[in-house]
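Asks: Below are the structure tokens for one structure; questions will follow.
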Amino acid sequence: MITEEIRDRLFELQDIKYRDFQSGLFPTLEKDVMIGVRTPELRTLAKEYGGREDIGEFLTDLPHKYFDENQLHAFIISGEKNVDTAMAELNAFLPYVDNWATCDQMSPKVFKKHRDKLLVEIDKWLKSELTYTIRFGIGMLMEHFLDEDYDVKYPETVAQIRSEEYYVNMMIAWYFATALAKQYDTILPFFEGKKLDTWTHNKAIQKAVESYRITPEQKGYLKTLKIK
């Protein structure tokens, strides 16, 4: 079975010291689900296995046991060249994503050429009740719709999201900090009007102030907008 073959390969690439370091980055995961394979090696494996005719067996064998298997799965989807296949595989996998790294490092390159289809799915993801599905949707808006395809209706949608989940709110903060760097004039009113919850509002300002893409003048003004 390809799943067993992949697991054997992952353990051949295991780095115990890296696993021990890495496990401290994921408070939501137990250490025993970490194998300890470095990201460049996982990306290389994804290119190797992504073209296999039997890779579907691995992709549908969910949930995976190990974090590294989830990472490999994410990188395989990211390399899929057919947009409909990528979207189908992504929607099948998202409910099983259980950590920020797998969520944030999964980014199908094919979406750049099919942003219209991506927008339809983003709308669905943002309405999900699953932490990392929502986080992924916000991440896709941040990656693909803050430049030439930007529209203020996108941050308006993100600003309406309310969650008790740390990993959702942190992504909202990250989104708005990035948006300030790219679309300052239309994003500033979200802070002046206090359209985010207090924690996310302040965290976004903190991240923006730490960014080299924000001017000293802008940083100075943003600091005055922090909610005490």
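Asks: Scan segment 63-101 residue by residue and report those that are over 21 Å from I2 (Cα atoms) and of a type in the set (V, I, T).
Replies: The answer is V83, and nothing else.
Asks: Can you pull out every residue in segment 21-65 that is over 13 Å from I76 (Cβ atoms), assigned to a loop (DSSP other than H, G, I, E, B) and at pLDDT below 95?
Replies: Across segment 21-65, the qualifying residues are G24, L25, F26, P27, T28, L29, E30, E53.
Asks: When you scan segment 197-210, do you find a residue that is of a type outside the set (G, A, S) and not in a helix (DSSP H, G or I), even just one?
Replies: Within segment 197-210, one or more residues are of a type outside the set (G, A, S) and not in a helix (DSSP H, G or I).
Residues are listed down the side, and each one gets a yes or a no for (1) more than 19 Å from the chain's Cα centre (by Cα); (2) surrounded by 16 or more Cβ atoms within 10 Å (Cβ to Cβ):
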residue	(1), (2)
S128	no, no
T131	no, yes
F176	no, yes
G193	yes, no
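Asks: Let me ask something else. Does segment 99-113 contain at least one residue that is farther than 15 Å from K47 by Cα, in contact (Cβ under 8 Å) with a residue 12 or more places away in the chain, among the small types (G, A, S) and surrounded by fewer than 17 Cβ atoms within 10 Å (Cβ to Cβ)?
Replies: Within segment 99-113 (the criterion being farther than 15 Å from K47 by Cα, in contact (Cβ under 8 Å) with a residue 12 or more places away in the chain, among the small types (G, A, S) and surrounded by fewer than 17 Cβ atoms within 10 Å (Cβ to Cβ)), the answer is no, since none of the residues qualifies.
Asks: If D68 satisfies every condition in (1) touching a His at 6+ places or on another chain (Cβ under 7 Å); (2) crowded, with 17+ Cβ neighbours inside 10 Å but one, which is the exception?
Replies: Against the list (1) touching a His at 6+ places or on another chain (Cβ under 7 Å); (2) crowded, with 17+ Cβ neighbours inside 10 Å, D68 comes up short only on (1).
The values are calculated or read from the model by the stated rules, or taken from the named source; none is laboratory data. Predicted, not measured: the structure shown is a model, and the values here were computed from it. Heads up, the Cβs are rebuilt from the backbone with ideal geometry, glycines too, and the neighbour counts pull from every protein chain shown.
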